[in-house]
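Since the structure comes first, as structure tokens, the remarks are kept for the end.
The values are calculated or read from the model by the stated rules, or taken from the named source; none is laboratory data. Since this is a predicted model, take the numbers as computed values, not measurements. All Cβ positions, even for glycine, are placed from backbone atoms using ideal geometry, and neighbour counts span all protein chains on display.
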């Protein structure tokens, strides 16, 4: 998704865009409520009283007030970065950002900083589990109950809750090319929507298996696809828990693995390479997809993944452990169902319905 930004904005000595507004005393959540209940109501009242002219006036009024609020949030975010990073880390942040700029371009710098701003605001709100849409309607009840939850050790803590607001299954087979179908996507929505209304990304899962017979005996999508999309929800742009130094480190580590002599490939297919087109943006998208692909391999078949690609396994495992030190991908009780038999594991028989 293309984002607009201003390159001419002056930069301060800590590497941030300079903003001249003062910090607000109210919390980010209170500000958002105030914006929605006060300024938007004023705009609607203008429209009711003066029609189209009122709507234009109200929109301008709301836009000005939202800009003020954004500037205040921006200052709070910058203060938080300075307070949470050491002097050494702040210097390293600037060096790493320059490397990111040279490899991926200015847009990547903007997206990382924007992601960190949004995470700073999102951390002020309670985490909630995502709404599950379309699975029960198509008969996939087990996925609704057990595949999209942190309660059954399938995924690390904070890997799902708060990171996505909804997971929706759409019964479509979307073919990208002769080799690939579109298994899913993560709609991060607009930066403004996420910042003002606290809307986490929405995950869409599509059919990526062709129908066989009157009804499939297995789900029309793979666990790898689900893990791949959760990888997108927990990358350097979208994760709620990383600080800006962590975001830089993750992007650069993934890039180094992707460009190494033995990068991950699934079934002799390097999906990420389809995005490399000689541009900085193409390289950035390829790195995003490489991260999601190794997340898919890590969660779908960890033993095989470790045996074949130990460097990629370590990369994902290190990142997971940073947020959830107790998570064990090889825990025999991980997940309700036995992958070989499809039956409920003994450990969960008296704990699930």
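Let me confirm something: among 91, 96, 107, which residue is within 29 Å of residue 286 (Cα to Cα), buried (at least 18 other Cβ atoms within 10 Å of the Cβ) and at pLDDT 85 or above?
Being within 29 Å of residue 286 (Cα to Cα), buried (at least 18 other Cβ atoms within 10 Å of the Cβ) and at pLDDT 85 or above holds for just one of 91, 96, 107, which is 96.
Would it be correct to say that residue 285 is assigned by TED's automatic domain parsing to the domain that holds residue 140, on the phi < 0 side of the Ramachandran plot, crowded, with 16+ Cβ neighbours inside 10 Å and without any contact (Cβ under 8 Å) to a residue 24 or more places away in the chain?
Yes.
Out of 343, 303, report the one residue that is in contact with a strand residue (DSSP E or B) (Cβ under 9 Å, 6 or more places away or on another chain) and loosely packed, with under 15 Cβ neighbours inside 10 Å.
None of the others qualify; the one that does is 343.
Out of contact with any helix residue (DSSP H, G or I) (no Cβ under 7 Å at 6 or more places or on another chain), part of a loop (DSSP other than H, G, I, E, B) and at pLDDT below 65, is that true of residue 151?
Criteria not met by residue 151.
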